[in-house]
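Each value in this text was obtained by applying a stated rule to the coordinates, not by laboratory testing. Just so it is clear, the structure is predicted and the values come from calculations on it, not from any experiment. Here the Cβ positions follow ideal geometry from the backbone for every residue, glycine too, while neighbour counts run over all protein chains shown.
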Amino acid sequence: DRAAAAAVIDVAPDGYLPEHRALGVLEAYGFPVPRHHFCRDADEAVAAADAIGYPVVLRVVSPQIVHKFDVKGVALDLADAETVRTAFRSMVDHIADVQPEAVVDGVIVRPMIPAGHEVILGARRDADFGAVAMFGFGGVFVEVFEDVTFALAPVDRETACRMVRQVKARRILEGARGAERADIDTIEQCLVRLGQLVDDFDRIAEMDINPLMVGPSHVGCAVADVRIRVATNE
C-alpha cells in the first residue's frame, strides 16, 4: 500500500521517523510486523497490554532517543498489568534523570517475540549508486566478522536469494547440525519489499530492520526493531 506509506513519509520532517510511524510504513509494504499500540501514558499501556495478551514489551518513543537500550528505554517480558504500569513509570523517571532534554511522547506496547535467529536488513542511499540494500546475520556475525552482503535496489527474488546465500552464516538458517530450517522464504520476501520501499521513496536516506527475528517456517518472522531516517535531497 504505497499510499499509506506516502501518508507518513511525505509529510515527515527530516530525521528518524517515530517507531510507530516506521512500523506503519513497514506494515503498508507487507512486512511481518507484530501487533502493537502507541500509548501516551501508563493507563493506555495497561489497556493495550490487556488487549494484546501477556507477556509484552514496552519501547519508549522519543524524538531525542535513537538507541533505546542505552537509556533503559525497553522493558521486556512484562507479565501482568502491574508490571506494565511499574515499567512505564520507571522508564519515564530514568530517562528524565539520564537524558533530561528528551521528550517522551509515549511507548509502543507489543507482544514478546519468540526467540529465533537475528538477521539484519538495511538500506542506504549512495550518492553514486542510489539505493543500496543490505542483508546480514545478527550479533557477532555482523559486528565482528562483517558478514553482510549488498545489492542495488530494487531487489528481485533472484537477487534476494543470492544475498541470503552469500552470507557465511547461511548454514545456520538452512538447519546446521540437525536444527530446523529457518523461514528463509520470508527473509527473501522482506528483502524484495525493502528494495521496493527505498526505490519508491527517495526521501528514505537510510533504514534498518535490526533485528528481524527468524523462526522455523511454521513460526515465521517478526520485525523486532526498525529505524527509518528521512531526508530531503540528500
GNM result for the chain, Cα springs below 10 Å: residue of 135, 69, 150 fluctuating most strongly: 69
Residue among 11, 60, 104 with the largest mean-square fluctuation in a Gaussian network model of the chain, springs linking Cα atoms under 10 Å: 11
GNM flexibility winner over the chain from 36, 117, 94 (Cα, springs under 10 Å): 94
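Residue 123: net charge of surrounding residues, Cβ under 12 Å, Lys/Arg +1, Asp/Glu -1, itself excluded? Present the calculation step by step, with values, prior to reporting the outcome.
Working: positive: 124, 125, 193, 227, 229; negative: 126, 199, 200, 202, 206, 208.
Residues near residue 123 contribute -1 overall.
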(1) 1.02; (2) 1.00; (3) 0.97, with the label sought being that of the calculated Rg/Rh (Cα atoms, Kirkwood Rh): (3)
For residue 53, net neighbour charge (Lys/Arg +1, Asp/Glu -1) across residues whose Cβ lies under 12 Å away: 0
Spin-label model distance (nm) - residue 101 vs residue 232, 7 Å beyond Cα toward Cβ: 2.3
Inter-part distance where region 65-138 and region 167-197 are each reduced to a Cα centre, Å: 23
Descending semi-axes in Å of region 37-111, equivalent ellipsoid built from Cα gyration tensor: 20, 11, 10
